[in-house]
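The values are calculated or read from the model by the stated rules, or taken from the named source; none is laboratory data. The shown structure was predicted, so the numbers you read here are calculated from the model rather than taken from an experiment. Reconstructed Cβ throughout: ideal geometry from the backbone, glycine too, with neighbour counts over all protein chains shown. Only protein heavy atoms, including side chains, enter the accessible area calculation; ligands, DNA and RNA are left aside. Shrake-Rupley method; radii C 1.70, N 1.55, O 1.52, S 1.80 Å.
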Amino acid sequence: MPEGPEDGSRRRWRLVRAGTDAVPPWVRQFMRRTRIPLSGAGRVRRNRQIVARLGLAAGALVVVSLLGWLVFVSPVLGVREVWVEGALILEPDQVRAAAGVADGTPLARVDTDAVRARVAALPPAREVTVSRNWPSTLVIEVVERTPVGAVPNGKKYDLFDDHGVIYRTVSGVPSGVVRVQLATPGPQDVSTQSALTVLRSLTKRLRSELVTLIVEGPARIRLEMSGDRVVTWGDAEESEMKAKVADALLAKPDKRIDVSGVPEVVTLG
C-alpha cells in the first residue's frame, strides 16, 4: 500500500531523532552549552588580570636577568681572595700564581678544573682540589708529595716520591728517606720502579741499617749496610721473601749476604 505524506514525514522524523540519540551524552552537553557574553565590567576585570599576569612575568624576567648579571658578569661576586691550604713545600704565592685567577673574576665563571690542572703541574703537588666559598673566595687544597728516596745530584739530592716522581732538590737527605743511586731516576724508568719495589719490602731492621740502595740495573740491585756489609739483592722479584731472609741473616757476622737466588739459594760470604 503506498505511503501517504504523514507516513513519509514520520519516517524522516524518526531518522533524525535516531541520529541525535546516537550522539554520546557528554558531546550533547557541549552542544547545548551557550556562550554568555561578558559584561563591560567583566571585560575590564579580565583585561586587568591579563595585565597583572604580564606584569608579574616581566618582573620575574627582570629579577632573573639581574641575578644572572650579578653572578656571572658583575665583579660584586668576584674573586677577592684565593685561599691556599696544605702547602708546606710550596709557597702560597706560588700556588696563586699557578692558579692564574685574576682579582674580580666572577666566582661562578672560574673554571675550577683548569685551575686544578695548572696547580697540579707544580712538581711538589700530588693532589689538588679547587672549590668556591661564596661570596668571593676560591679555595685551593694541595696534598704534597712525600719523599721515599734521595738521589745524589752533585752536592745535593733530588727527592722522589712513591711513584718515582722527582719533585724537589735539597742539600741533604731528610730523616727517614733512603739514599738511592740511580742513573736516570723517573716514573718511567725501570730501575726506579725496581728500587721502589725493594724499598716497599724492607723490614724495619733493614731500613734502619741501610746506608745506600744501589740500582745499577733492574737485575743488579744491592744494599750497602752499616758496618761495611753488603746484601746482593739481584732483581726486584720476590722482594718480600728476600727481605725476610736478609733480615734473619743480619744476625750473623758475615759481611756479604746474597739473597738474589731466594727462594732457591742463599749464599753467605
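The set of residues in the range 154-213 being touching a helix residue (DSSP H, G or I) at 6+ places or on another chain (Cβ under 7 Å) and acidic (Asp, Glu) consists of Asp162, Glu209. Just one of (1) in a strand (DSSP E or B); (2) open to solvent by 70 Å² or more (accessible area, probe 1.4 Å); (3) over 30 Å from Glu237 (Cβ atoms) fails for Val142. It is (2). The residues on offer are Arg207, Arg179, and the sole one that is assigned to a helix (DSSP H, G or I) and either in contact (Cβ under 8 Å) with a residue 24 or more places away in the chain or open to solvent by 60 Å² or more (accessible area, probe 1.4 Å) (or both) is Arg207.
Of the residues making up the range 94-119, those that are part of a helix (DSSP H, G or I), among the hydrophobic types (A, V, I, L, M, F, W, C) and surrounded by 15 or more Cβ atoms within 10 Å (Cβ to Cβ) are Val95, Ala98, Ala99, Leu107, Val115, Val119.
Whether a residue is more than 20 Å from Val173 (Cα to Cα), touching a strand residue (DSSP E or B) at 6+ places or on another chain (Cβ under 9 Å), assigned to a strand (DSSP E or B) and at pLDDT 95 or above was assessed, and Ile221 passes this test.
On the given criteria, is Val82 open to solvent by less than 40 Å² (accessible area, probe 1.4 Å), in contact (Cβ under 8 Å) with a residue 40 or more places away in the chain, out of contact with any Cys (no Cβ under 6 Å at 6 or more places or on another chain) and assigned to a helix (DSSP H, G or I)? The answer is no for Val82. Among the residues of the range 224-251, the ones that are open to solvent by 60 Å² or more (accessible area, probe 1.4 Å) and part of a helix (DSSP H, G or I) come to 5 in all.
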